[in-house]
1. Go through (1) within 20 Å of GLU181 (Cβ to Cβ); (2) outside the structural domain of ILE50 (by TED's automatic domain parsing) for ASP99 and report which single condition fails.
2. Which of the residues spanning the stretch 95-116 are within 24 Å of THR151 (Cα to Cα), out of contact with any helix residue (DSSP H, G or I) (no Cβ under 9 Å at 6 or more places or on another chain) and not β-branched (Val, Ile, Thr)?
3. Return the total of residues in the stretch 107-124 being under 15 Å from the mean Cα position of the chain (by Cα) and in a strand (DSSP E or B).
4. Only one of (1) within 21 Å of PRO189 (Cβ to Cβ); (2) part of a loop (DSSP other than H, G, I, E, B); (3) outside the structural domain of THR155 (by TED's automatic domain parsing); (4) touching a helix residue (DSSP H, G or I) at 6+ places or on another chain (Cβ under 9 Å) is not met by VAL67, so which one is it?
5. Let me confirm something: among ARG69, ARG153, ARG120, ARG161, which residue is farther than 25 Å from SER12 by Cα and modelled with pLDDT of 90 or more?
6. I'd like the residue in the stretch 48-75 that is β-branched (Val, Ile, Thr) and closer than 26 Å to GLN26 by Cα and, out of all such residues, is surrounded by the fewest Cβ atoms within 10 Å (Cβ to Cβ).
7. Restricting the stretch 165-193 to residues that are under 24 Å from LEU116 (Cα atoms) and part of a strand (DSSP E or B), which is nearest to the chain's Cα centre (by Cα)?
8. Would you please name the residue that is modelled with the lowest pLDDT, looking only at residues in the stretch 130-146 that are small (Gly, Ala, Ser) and surrounded by 15 or more Cβ atoms within 10 Å (Cβ to Cβ)?
Amino acid sequence: MLLDEPFSALDSPVRQELRRELRRLQRDAGLSTVLVTHDPEEAAFLADEILVIADGQILQAGPSREVYRQPASPTVARLLGIENLLPGIVAPGGMCVGDIIVDADISEIQDGTAVLWSVRPEQVSLATLNDASYPAVVIDIAYLGTSTALTIRLTGGPELRVRTTDPVDFLAGDACAAHIERSAISVWPDSLQPTPSR
């Protein structure tokens, strides 16, 4: 079955209900479906395999879990709606991002290389400050019913979007600490930026 943006004109409750019904049909009837959508959440919910296409080119293809966890390029990350896509410079021990060093797997990238890096908002957690976290301040909080979206600013670094289903006791202006697992960060050389001279 081919579906081209089937839920785009529906209000949110009806869209969610029909998505669940389609997923049930796929599972119960073994229904093979090709779904064309601009909604990354819809693709993740309904697809076992994802093809990310831009300008007529397949940029990445694979199991949905793999594509979402490890986007192949900054363009794929943007198309998947990953909000935290930021510049940095590879330095000994990690990436230099503003005045801080972010721990990431950059073993195959030469020191001094300009990079873009991303982390999904749900992979940033707020916790008490410890050696594995980054001091930050809460800039904004939006309660979305089933989850909470926050904007934080790392001390000496960039703003990050955070999304959590855990209870949030912070208020805008509160100090906090951001914890980011090293494995959650994707890094790519930034071909549009010159590598700084040493």
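1. (1)
2. MET95, CYS96, GLY98, ASP99
3. The number of residues fulfilling the criteria is 5.
4. With respect to (1) within 21 Å of PRO189 (Cβ to Cβ); (2) part of a loop (DSSP other than H, G, I, E, B); (3) outside the structural domain of THR155 (by TED's automatic domain parsing); (4) touching a helix residue (DSSP H, G or I) at 6+ places or on another chain (Cβ under 9 Å), VAL67 is out only on (2).
5. Numbers: ARG69 fails: modelled with pLDDT of 90 or more; ARG120 fails: farther than 25 Å from SER12 by Cα; ARG161 fails: farther than 25 Å from SER12 by Cα.
Checking each option against the conditions leaves just ARG153.
6. Among those that are β-branched (Val, Ile, Thr) and closer than 26 Å to GLN26 by Cα, it is ILE58.
7. Initial filter on the stretch 165-193 (under 24 Å from LEU116 (Cα atoms)): 177-193.
Next, from what is left, pick out any that are part of a strand (DSSP E or B): 177-180, 186-189.
Numbers: ALA177: 19, ALA178: 15, HIS179: 15, ILE180: 12, SER186: 9, VAL187: 12, TRP188: 14, PRO189: 18 Å.
It comes out as SER186.
8. SER133
The values are calculated or read from the model by the stated rules, or taken from the named source; none is laboratory data. Predicted model only: the values in this text are computed from it and were never measured. Here Cβ is always computed from backbone atoms with ideal geometry, including for glycine, and neighbour counts include all displayed protein chains.
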